[in-house]
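Visitor: Okay, handing you the structure first.
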Amino acid sequence: MSGILKPASCDNILGSSSESTGLAPVVRPFAREGSLAERLRATPLLMAPMAGVSDAAYRMMARCGGAALAYSEMVSVAGLHYGGAKTWELVVPHDPEPDIAVQLFGSGPEQFREAVTLVCDRLGAQLALIDINMACPVPKVTRKGEGSALLDDPQRAAAIVRACVAESCVPVTVKIRRARRTGDVEVAPAFARAMEDAGAAAVAVHGRTASQLYRGEADWGVIDRVAQAVSVPVIGTGDVRTAEDAARMLRETGATAVMVARGTYGNPWIFDDAQRILAGEERHLHDTSQRLAAFACHVRLLEATGAHLARARSLAGWYLRGMPNAAQWRDRAMQCRGVEDYLSLVEAVVEASKSHVQVEVET
Ligand SMILES: Cc1cc2nc3c(=O)[nH]c(=O)nc-3n(C[C@H](O)[C@H](O)[C@H](O)COP(=O)(O)O)c2cc1C
């Protein structure tokens, strides 16, 4: 015997942590029956695509927190063409994930056609939908005519949608922004209409211009304007920071569904909480011990999925936010190297928070 323990499986980690994290012990599949519109209407809370964030561990946490479906990080169609293992890692769901929404980016319709064929073949029934990124503002991407640069070229964008729809085994959707530059005429409604005409089954709308990047306020009004322009469902995104925001976007705009992005930082329960608000039920409280248990669970999932543990550093900042001495704990997280270091950190915070409660009670 080597004495080295095999890391637990993701199923095992999720199942054994469920009581302490308050998250579901298993990931439920996205509904398979009915049109995409019907399925989104029935389960409207989605985990948004986030490059560098929404890896398998992150998606599992979100789905155990109530997300109906989670998107991959954006995946380059050129990367899929060259077949790199790192690119495929972004696409293929990890074991307890029954299905996934895969987001592709690129600029060539023929490359998209090939990528869709490859993804459909490889994922089969695990593929819930394919989304085309027409929203990414990063210059490295837009310089090549990809991401939000497609907002300036609706004909190319429509050709991409047609090429994807022709090969796809699942609905094809697009994700767009209001416009390319602040001060430009808002293109989103007419652009969305053109994508619908090309075969898009839904349009996700981020209410910022690309030049705003992720700053400034998202304009939820554009969600209504797009919803009025198209007959396919609109998925709203932007400034959904809390469960209340998610419920409000669904109630107050024309969005059929909502994608939560930064609002999930340290808060995988946001989906379930929003569902409860919508159903008029009482919300659960997520106390310090639950948040620490979720952080530990998340770190163990990173290990079990073979992800780079450097990602746990940002997670530490998010899960520990607002706790007493958070800055000091975050500094300690920067020194962590392995899973055991992170789990000891969690134990230390648990101990400290007990004495903190005692001090509070005593004074
Ligand atoms: C770190 C980060 C990475 C992102 N990566 C992607 C991506 O790969 N594809 C995409 O369509 N949007 C991406 N987005 C945008 C989000 O999906 C979302 O639309 C946007 O952040 C607005 O929502 P928010 O204001 O609630 O965060 C990313 C956002 C962040 C913060």
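Visitor: Could you give the length gained on full extension between T117 and H81, defined as 0.36 nm per residue of separation minus the Cα-Cα distance, in nm?
Guide: Here the segment from T117 to H81 would lengthen by 11.9 nm.
Visitor: Here is a further query. Run the numbers on the stretch 1-126 and let me know its relative contact order in percent, using alpha-carbon pairs under 8 Å that are six or more apart.
Guide: 23
Visitor: In a GNM of the chain with a 10 Å cut-off on Cα contacts, which of A149, A348, A261 has the highest mean-square fluctuation?
Guide: A348
Visitor: In whole angstrom, how far apart do the alpha carbon centroids of the stretch 150-199 and the stretch 41-108 sit?
Guide: Between the Cα centres of the stretch 150-199 and the stretch 41-108 lies a distance of 20 Å.
Visitor: Next question. Under a plain spin-label model, where a point goes 7 Å from the Cα along Cα-to-Cβ, how far apart in nm are Q335 and R251?
Guide: 4.7
Visitor: Once the principal axes of the Cα atoms of the chain are found, what is the range along each, listed largest first in whole angstroms?
Guide: 66, 51, 39
Visitor: Determine the shape class of the stretch 1-81: with a ≥ b ≥ c the square roots of the Cα gyration tensor eigenvalues, call it rounded for a/c under 1.5, and otherwise prolate if a/b is greater than b/c, oblate otherwise.
Guide: Oblate, because a/c is 1.5 or more while a/b does not exceed b/c.
Visitor: Pick from R208, R59, R330 the residue whose mean-square fluctuation is largest in a GNM of the chain, springs joining Cα atoms under 10 Å.
Guide: R330
Visitor: I've got another one for you. How high is the relative contact order of the stretch 24-279, in percent, with contacts defined as C-alpha pairs under 8 Å that are six or more residues apart?
Guide: Across the stretch 24-279, relative contact order equals 18 percent.
Visitor: May I pose another question? For the stretch 110-197, what relative contact order do you get, as a whole percent, if you take Cα pairs closer than 8 Å and at least 6 residues apart?
Guide: 33
Visitor: Over the stretch 1-138, consider all pairs of different Cα atoms and compute the Kirkwood hydrodynamic radius from their mean reciprocal separation; express it in Å, one decimal.
Guide: Over the stretch 1-138, the inverse of the mean reciprocal pair distance is 16.1 Å.
Visitor: By the gyration tensor of its Cα atoms, with a ≥ b ≥ c the square roots of the eigenvalues, what is the shape of the stretch 288-362: rounded for a/c under 1.5, prolate for a/b over b/c, or oblate?
Guide: Judged from the Cα gyration tensor, the stretch 288-362 comes out prolate (a/c at least 1.5, a/b above b/c).
Visitor: Would you mind calculating the gained length between A8 and R321 on full extension (0.36 nm times residue separation, minus the Cα-Cα distance), in nm to one decimal?
Guide: Result for the pair: 109.9 nm of gain on full extension.
Visitor: Here's another thing I want to ask about it. Report, as a whole number in µm² per second, the diffusion coefficient that Stokes-Einstein gives for the stretch 141-263 at 37 °C and 0.692 mPa s using the Kirkwood radius over alpha carbon pairs.
Guide: 227
Visitor: Which helices, counted as full DSSP H runs in the chain, have an axial Cα extent of no less than 30 Å and a Kyte-Doolittle average of -0.5 or above?
Guide: Helix filter hits for the chain: 339-362.
Taken together, the values in this text are just the output of simple stated rules run on the coordinates, not laboratory data. Keep in mind it's a predicted model, so treat the numbers as computed, not measured. Don't worry about glycine lacking a Cβ; one is built from the backbone with ideal geometry, like all the others, and counts go over all protein chains shown.
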